[in-house]
Amino acid sequence: MTVHACDSGAPDFEKEPVTRPRYNREPYIRVGMEMETINGKAIAWTPHYVQVKWQDDDLSIETRWIPAAWVTRISRDDSCWRDPYDVLHDE
């Protein structure tokens, strides 16, 4: 699926600090938009936006800043896409 989120804006990085999770331990999320829903991972966030990573129908990895109101955290098991590089256990 193709996500048309480019017009959704982006954070003002001077006013909103960006939080990033530990590498390969990013939380899974579901993004609901008018025309489609995607499953992916939250790779960064501010109070108002989430940087989402997902794999599209062409198997390309995509990233976009999405309004946080569109994003819901889900479990890895609930995601229809799984990142093959996940770290599942603490080492």
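Things worth noting here:
- Segment 56-88, residues that are more than 19 Å from Val18 (Cβ to Cβ) and either under 11 Å from the mean Cα position of the chain (by Cα) or aliphatic (A, V, I, L, M) (or both): Leu59, Ile61, Thr72, Ile74, Val87, Leu88
- Unique residue being at pLDDT 90 or above and more than 18 Å from Trp81 (Cβ to Cβ) when the list is Thr19, Thr37: Thr19
- When the residues of segment 56-87 are filtered to those that are among the charged types (D, E, K, R) and assigned to a strand (DSSP E or B), the one that is nearest to Pro11 (Cα to Cα) is Arg64.
- The residues in segment 23-54 that are assigned to a strand (DSSP E or B) and open to solvent by less than 70 Å² (accessible area, probe 1.4 Å) can be counted, and the count is 18.
- Tally of residues being open to solvent by less than 100 Å² (accessible area, probe 1.4 Å) and farther than 17 Å from Ala44 by Cα across segment 77-86: 3
The values are calculated or read from the model by the stated rules, or taken from the named source; none is laboratory data. Note that the coordinates shown come from a computational prediction; the quantities given were computed from them, not determined experimentally. Every residue, glycine as well, gets a Cβ built from its backbone with ideal geometry; the counts of neighbours run over all protein chains shown. Side chains included, ligands, DNA and RNA excluded: accessible areas come from the protein's heavy atoms. Shrake-Rupley method; radii C 1.70, N 1.55, O 1.52, S 1.80 Å.
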